[in-house]
Amino acid sequence: MLALGDAQVPRSVTKITDDETSQHTRGTIQVGFLTPRRKVLLLARRRYTQPHQNKTEDVLQQLRKLRDTPLSNIGDTLESDLNFVANAIQAGSANPSLLVAVVQEIEEILQILPDSFGDRFWFDAQMIYEFQQSWNGDTQRLSGTVIPKTGKAWGHESVFVTSTSANERIKSINLIHLPGQDKLSDVDLLTYPFICHELAHNLFYFDDNEFVVRFRRALDNYLGNLRLRGIADQGEAKAKSLKLIQEIDDLWSPTLNHKNWAHEMAMDITALWACGPAYLAAFQDEIEEQSKNPYLIEQRHPPYAVRARALFIASQKLGWDQHSSGIKEVGKKWRQSPWGNGLDNRYIALTDPKLTDACLACALAACESYRLPRCTTSDIERISLMLTRGETPDFGLDLLLAAWLRKEQQDEGSFAAWEQDTLRALVKSLTPLSP
Ligand SMILES: [Zn+2]
């Protein structure tokens, strides 16, 4: 793993101090990550405006304010980038416009960084860190800098520092958005399997070649067949079928920004791979609460009905059939609801199960090729035993499975009490190292 300026950059580090795990010292927030070159394309479209001298000063001041926070190493790294560019311009070896770009990028980063660092921040940071460690294995697959930020809804966001200094490396800072405020009582562990959906975005940003190449091929074949079928069409019928083919292509084509059906479906499948029935339960809660039309066509996500079907089919393949009946039931209710009556030919064409089946198969193949740890029944047995012994589960998958198991076994009140006790015990076990 690459960590920029390892020697001089102070790390914000936490460690587990309880007896069982005291041998681990766990770093949480780090800076430094190689971003694939192609991501630069996304950034090339940005427009830069001339910064005022005061703007640079202002940005420097804001960076210095990060010194007293867990993000101090990010502040220090960005400050040294800024100083490097300023010095290079002073020495005549860099174009002054570079400063404009750097200041703007840093401003963007500052805008999205969290500004609250309470117990929940540390809890979330440690959850992310656990998954980073287990998904990375002995290679780097996830960004080194993934920061939690509480807010309105689940999400993943990345910013990149492209134009800095001496090396060719591009740094990225990534945020996982979690719903609620920065307080432990706002943690709803039953929704936390979505952290894996968001981390899957990070994983696929880093390298989704395996998935994209396979699915692109399947999609091209599918669209090619559709074009062949419409070859005899004339006039308006021809225009209509070409428009539909284009629409399918637009919705399903994997894109760099992941705002397409293929990537979103792959994130669900990856989260299912990693969390098993805990993700199914979280997804089911989400769709049961939704008042939104489950058949709504929009660019960013496939309709809930399509996502639910994908998860159901993938569950069969991964051996979770007995845990997927709930999702199937919800789908049945939708079909019998007034929403189900409104399904037209366009909907049916855009959501052909063949595309879902191809997409989920490609996503499963990608998980396999990443050697991503897969949740298995033996994980569930292990956690079940742990709970019977009254032990506190560790951060990461163990905790997600424990919460899911507890919820299956207990009423709301006892679950809530167990959840809060467990969260407090886990956070207590995190002791910040002195800087
Ligand atoms: Zn997503």
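The values are calculated or read from the model by the stated rules, or taken from the named source; none is laboratory data. None of these values were measured; they are calculated from a predicted model. Cβ atoms come from the backbone with ideal geometry, glycine included; neighbour counts cover every protein chain shown.
A single member of 376, 351, 392, 422 is touching a Pro at 6+ places or on another chain (Cβ under 8 Å), within 21 Å of residue 275 (Cβ to Cβ) and surrounded by 12 or more Cβ atoms within 10 Å (Cβ to Cβ), and it is 422.
Exactly one condition in (1) in contact (Cβ under 8 Å) with a residue 40 or more places away in the chain; (2) under 30 Å from residue 61 (Cβ atoms) is not met by residue 186; state its number. Result: residue 186 passes all but (2).
Do you know which residues across the range 60-90 are buried (at least 19 other Cβ atoms within 10 Å of the Cβ) and within 28 Å of the chain's Cα centre (by Cα)?
Hits for the range 60-90 are 63, 66, 70, 71, 72, 73, 74, 75, 76, 77, 78, 81.
Remark: pairs (first residue in the range 284-296, over 12 Å from residue 331 (Cα atoms); second residue of a type outside the set (Gly, Ala, Ser) and assigned to a loop (DSSP other than H, G, I, E, B); Cβ separation under 7 Å; 6+ apart in sequence or on different chains) = 296/303.
Okay, residues lined up against (1) over 30 Å from residue 378 (Cα atoms); (2) crowded, with 20+ Cβ neighbours inside 10 Å; (3) under 24 Å from the mean Cα position of the chain (by Cα):
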{"position": "281", "(1), (2), (3)": "no, yes, yes"}
{"position": "294", "(1), (2), (3)": "yes, yes, yes"}
{"position": "332", "(1), (2), (3)": "yes, no, no"}
{"position": "345", "(1), (2), (3)": "yes, no, no"}
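Of the residues making up the range 202-211, those that are more than 15 Å from the ligand (Cβ to nearest atom) and farther than 12 Å from residue 364 by Cα number 3. Which helices (runs of 4 or more DSSP H) does the range 69-156 wholly contain that include 3 or more residues that are under 30 Å from residue 373 (Cβ atoms) and in contact with a Pro (Cβ under 7 Å, 6 or more places away or on another chain)? Of the helices (runs of 4 or more DSSP H) lying wholly inside the range 69-156, those with at least 3 residues that are under 30 Å from residue 373 (Cβ atoms) and in contact with a Pro (Cβ under 7 Å, 6 or more places away or on another chain) span 119-136.
Going through 295, 279 one at a time, which residue ends up being under 21 Å from residue 200 (Cα atoms), touching a Pro at 6+ places or on another chain (Cβ under 6 Å) and of a type outside the set (S, T, N, Q)?
Among 295, 279, only 279 is under 21 Å from residue 200 (Cα atoms), touching a Pro at 6+ places or on another chain (Cβ under 6 Å) and of a type outside the set (S, T, N, Q).
All of (1) among the aliphatic types (A, V, I, L, M); (2) over 25 Å from residue 312 (Cβ atoms); (3) assigned to a loop (DSSP other than H, G, I, E, B) hold for residue 372 with one exception: (2). Taking residue 101, is it among the hydrophobic types (A, V, I, L, M, F, W, C) and surrounded by fewer than 14 Cβ atoms within 10 Å (Cβ to Cβ)? Judged against the criteria, residue 101 is not a match.
Is it the case, given these coordinates, that residue 174 is away from the ligand (no atom under 13 Å from the Cβ) and polar (S, T, N, Q)? The answer is yes for residue 174. Among the conditions (1) under 12 Å from residue 199 (Cβ atoms); (2) out of contact with any Cys (no Cβ under 8 Å at 6 or more places or on another chain), residue 131 misses just one, which is (2).
Of the candidates 110, 199, 189, the single residue that is among the hydrophobic types (A, V, I, L, M, F, W, C), within 16 Å of the ligand (Cβ to nearest atom) and on the phi < 0 side of the Ramachandran plot is 199.
Of all residues in the range 268-281, those that are within 19 Å of residue 329 (Cα to Cα) and of a type outside the set (Lys, Arg) have Cβ atoms under 6 Å from Cβ atoms of residues that are away from the ligand (no atom under 15 Å from the Cβ) and not in a helix (DSSP H, G or I), 6 or more apart or on another chain, in 276/320; 276/375; 277/320; 280/324. Within the set 107, 79, the sole residue that is of a type in the set (D, E, K, R) and not assigned by TED's automatic domain parsing to the domain that holds residue 145 turns out to be 107.
Does residue 282 meet the test of being over 24 Å from residue 350 (Cβ atoms), part of a helix (DSSP H, G or I) and within 16 Å of the ligand (Cβ to nearest atom)? So residue 282 fits the description; yes.
Against the list (1) more than 16 Å from the ligand (Cβ to nearest atom); (2) within 28 Å of residue 225 (Cβ to Cβ); (3) free of Cβ contacts under 8 Å to residues at least 24 places away in the same chain; (4) surrounded by fewer than 17 Cβ atoms within 10 Å (Cβ to Cβ), the condition residue 321 fails is (2). Each residue in the range 234-262 was checked for being small (Gly, Ala, Ser), at pLDDT below 95 and under 16 Å from residue 224 (Cβ atoms), and 1 pass. Mind counting the residues in the range 256-278 that are over 14 Å from the mean Cα position of the chain (by Cα) and within 13 Å of the ligand (Cβ to nearest atom)? Adding up the residues that qualify gives 3.
Here residue 408 fulfils each of the conditions (1) under 17 Å from residue 280 (Cα atoms); (2) modelled with pLDDT of 95 or more apart from (2). Please enumerate the residues belonging to the range 258-297 that are in contact with a Cys (Cβ under 7 Å, 6 or more places away or on another chain) and not aliphatic (A, V, I, L, M). Across the range 258-297, the qualifying residues are 270, 273, 275, 276, 279.
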